[in-house]
Amino acid sequence: MNLSNRVILPGQTIGIIGGGQLGRMMALSAKAQGYRVAVLDPMEDSPCGQVSDICIVASYDDLEAIKQLASVSDVITYEFENIDAEALKWLDDYAYVPQGTRLLEITQNRIAEKAAIVKAGVKVAPYAVIETVQDIYDNINKLGFPTVLKTATGGYDGKGQLVIKNDNDILNAAKLIENGPCVLEKWIPFKKEVSVIVVRSANGQTEVFPIGENIHRENILHETIVPARISENAAEKAIELAEQLASRLELVGTLAVEMFLADNDELYVNELAPRPHNSGHYTIEACETSQFEQHVRAVCNLPLGKTTLLKPAVMVNILGEHQQGVIQRMDNLADWKIHLYGKLEPKVKRKMGHITLLRPTVEEALAEIEDSGIWSKTEELIGG
């Protein structure tokens, strides 16, 4: 259903597919703006469900539950990509999903995603589609060692990936390929990983957030540093690429564009996420408008807010092994913006929350985080 001029006003209900932390922060922002919120999630006490008006507890492929969500919602959005294909088709035909389903379908599959990025005129790392182990042998000379084999569907935080450094590693690829087609990517010797979050409303208004410099640990986002410590030329190019993708892909809502920055300020798009993103959490305190408020405004077709950075910031994820350390020190953490997501069970490497530090410089924020000692012992036992 395409109603690009439709406006959803406060008092109406926003339906969210997915009850995790992104849904929670989306719901909190929506409620602050006067909306009611309904959520569909398999968990009885999901992070988003804890702050919503209506909770539908069912699996994401339960079409009756999808229909129920649509019946109580004036507009539907989502907090993650991997929505069931049948549910997607039904939503597209019978519910109001201003973001549409095309971009979701593209980002559900790395092969389709890379093809769409290239078609939009944006550079990705050289790659090959892999369906058999022989396909790796056929393409390895062209791509060279090392390369990265990634499953076309599923996979997050480094799961569903294999770094191939030599011929022996190719023998380990069969297990990944058994799960379906894969993408083999040339290894880019990048200097920085950055992300640009762009938001576009149904009427075409576009706003871009300040670029985040991302630090990963064990393939999980650890810190986002803003402003990114990159050249002005690289920053301008990154924003231009994000805006180009938003326009060519006819974005409505939020799109996080993850990029590698290589020598000579070359930028390669790594992944797209058509939703608010972990690397945009800093915007809650550090920007004039947060990514969550902006997303709500976009899907409700309201004017977008300004994205001006108010102060340099560093966002750090709180994983399961860090949560107790943060809680125990809270009475000493002056001016730390602490967000805990309400997840019931802390697990190692599970995202339980995040903190944001706003300081005169990012160097001061980074030093303060380091001095806290909370993130220096990643082997610390939960509850220990």
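The values are calculated or read from the model by the stated rules, or taken from the named source; none is laboratory data. Since the model is a prediction, treat every value here as computed from it, not as a measurement. Note that each Cβ is placed from the backbone with ideal geometry, even for glycine, and that neighbours are counted across all protein chains shown. In case anyone asks, the SASA skips ligands and DNA or RNA and just uses the protein heavy atoms, side chains included. Shrake-Rupley method; radii C 1.70, N 1.55, O 1.52, S 1.80 Å.
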_Show me, for the range 81-89, the HN-Hα J-couplings you get by feeding each phi into the Karplus relation (A = 6.51, B = -1.76, C = 1.60, θ = phi - 60°), rounded to Hz, glycine and proline as x._
7, 7, 8, 3, 4, 5, 5, 4, 5
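DSSP loop (so not H, G, I, E, B), at most 16 other Cβ within 10 Å: list which trypsin sites (Lys or Arg not before Pro) in the range 145-229 pass both filters.
Numbers: sites: K150, K159, K165, K175, K186, K191, K192, R200, R217, R229; in loops: K159, K165, K191, R229.
Taking the range 145-229 and a limit of 16 other Cβ atoms within 10 Å, the loop trypsin sites (Lys or Arg not before Pro) found are K159, K165, K191, R229.
Give me the net charge of V7's neighbourhood, meaning all other residues with Cβ under 15 Å from the Cβ of V7; Lys, Arg count +1, Asp, Glu -1.
Details: positive: R6, R297; negative: D74.
Result for the neighbourhood of V7: +1.
Please report, in cubic angstrom per residue, the volume enclosed by the convex hull of the alpha-carbon atoms of the range 1-61. Walk me through the numbers before you get to the answer.
Values: hull volume 5.3 nm³, N = 61.
Considering the Cα atoms of the range 1-61, their hull volume per residue is 86 Å³.
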*Rounded if a/c is under 1.5, else prolate if a/b is larger than b/c, else oblate: which is the chain, with a ≥ b ≥ c the root eigenvalues of its Cα gyration tensor?*
rounded
_What figure, in Å² to the nearest 10, do you get for the accessible area of R102 with a 1.4 Å probe and non-protein molecules left out?_
120 Å²
*Could you give the size of the charge dipole of the chain about its Cα centre, using +1 on the Cβ of each K and R and -1 on the Cβ of each D and E, expressed in debye and rounded to the nearest 20?*
400 debye
*Between the range 200-219 and the range 82-122, how many Å separate their Cα centres?*
18 Å
*asked:* What's the longest uninterrupted piece of the chain once you rule out the GluC sites (Glu not before Pro) that are loop residues per DSSP with at most 10 other Cβ within 10 Å?
replied: 45-217
*Dimensionless Rg ratio for the range 289-373, taking C-alpha atoms and the 2.2 N^0.38 Å reference*: 1.28
*Solvent-accessible area per residue, Å², over the chain with all protein chains present [probe radius 1.4 Å]*: 43 Å²
*Based on the alpha-carbon gyration tensor of the range 174-271 and its eigenvalue square roots a ≥ b ≥ c, which shape applies: rounded if a/c is under 1.5, prolate if not and a/b is larger than b/c, or oblate?*
oblate
*Where a ≥ b ≥ c are the square roots of the eigenvalues of the C-alpha gyration tensor, would you call the range 1-105 rounded, which needs a/c under 1.5, or, failing that, prolate if a/b is larger than b/c, or oblate?*
oblate
*Any idea how far apart E232 and M43 come out in nm if each label point goes 7 Å out from Cα toward Cβ?*
4.5 nm
*Considering only the other residues whose Cβ falls under 14 Å of the Cβ of P303, what net charge follows from Lys and Arg at +1 and Asp and Glu at -1?*
0
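Roughly to the nearest percent, how much of the accessible area of the chain is carbon and sulfur, given a 1.4 Å probe?
On the way: 7950 of 16470 Å².
Answer for the chain: carbon and sulfur cover 48 percent of the accessible area.
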*asked:* Name the residue from L310, V118, N203 whose Cα lies farthest towards the positive end of the charge dipole of the chain, charges +1 on Cβ of Lys and Arg and -1 on Cβ of Asp and Glu.
replied: N203
